[in-house]
Structure formats: C-alpha cells, structure tokens
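Since the structure comes first, as structure tokens, the remarks are kept for the end.
The values are calculated or read from the model by the stated rules, or taken from the named source; none is laboratory data. None of these values were measured; they are calculated from a predicted model. In this analysis, Cβ positions are derived from the backbone assuming ideal geometry, glycine residues included, and neighbour counts consider all displayed protein chains. What goes into the accessible areas is simple: the full protein's heavy atoms, side chains included, and nothing from ligands, DNA or RNA. Shrake-Rupley method; radii C 1.70, N 1.55, O 1.52, S 1.80 Å.
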Amino acid sequence: ATVVKMMESLPEVAQNQVAEHLRDYIAETRDEIQWDIAFQKSQKQLVEAARRARREIAEGLAEPMGYDRL
C-alpha cells in the first residue's frame, strides 16, 4: 500500500517508469530464485563429479583439456 501511495504522488510518466523498473526487478528476482533452486537440486551431483574428477586425477586417468576440446 505504501508503494502505491508513493507512486500515486508521481506524474504519470514517472509512474510508468517506476512500473517498468519494478517489472524488470521482479523478473530478475524470479530468475535468481529459479537459479538458486536449480543449484540446490544439483549440488549433490556436483560434489560427486568433483570426487570422481579427483579420483581420476589420482589414478592417472585424467588428461589436460584445452579450450579447443570444449
């Protein structure tokens, strides 16, 4: 309610600008929340991949990888 009152005190052009900024902010916030959820879900797999990589390095099974192989 406070934000609405603050916006109502602005000229219409400014109200539209604020609304556009809020849309962008909300979209970015949603993206960040989705990223956080995806990261949390994949953390177990990331830890396992790191362990596997360390084991392969220790066993001499790993090869250096250059950018040309990505």
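A few notes on this one:
- E20 vs. criteria loosely packed, with under 10 Cβ neighbours inside 10 Å, over 26 Å from M65 (Cβ atoms) and without any contact (Cβ under 8 Å) to a residue 24 or more places away in the chain: no
- The one condition in (1) more than 13 Å from the chain's Cα centre (by Cα); (2) open to solvent by less than 100 Å² (accessible area, probe 1.4 Å) that K41 fails to fulfil: (2)
- Meets criteria (part of a helix (DSSP H, G or I), among the hydrophobic types (A, V, I, L, M, F, W, C) and within 29 Å of E63 (Cβ to Cβ)) for V47: yes
- None of A1, A58 is over 18 Å from the mean Cα position of the chain (by Cα) and open to solvent by 100 Å² or more (accessible area, probe 1.4 Å) except A1.
- The condition of being under 29 Å from the mean Cα position of the chain (by Cα), acidic (D, E) and at pLDDT below 95 does not hold for D24.
- Among (1) assigned to a helix (DSSP H, G or I); (2) open to solvent by 90 Å² or more (accessible area, probe 1.4 Å), the one test that Q15 misses: (2)
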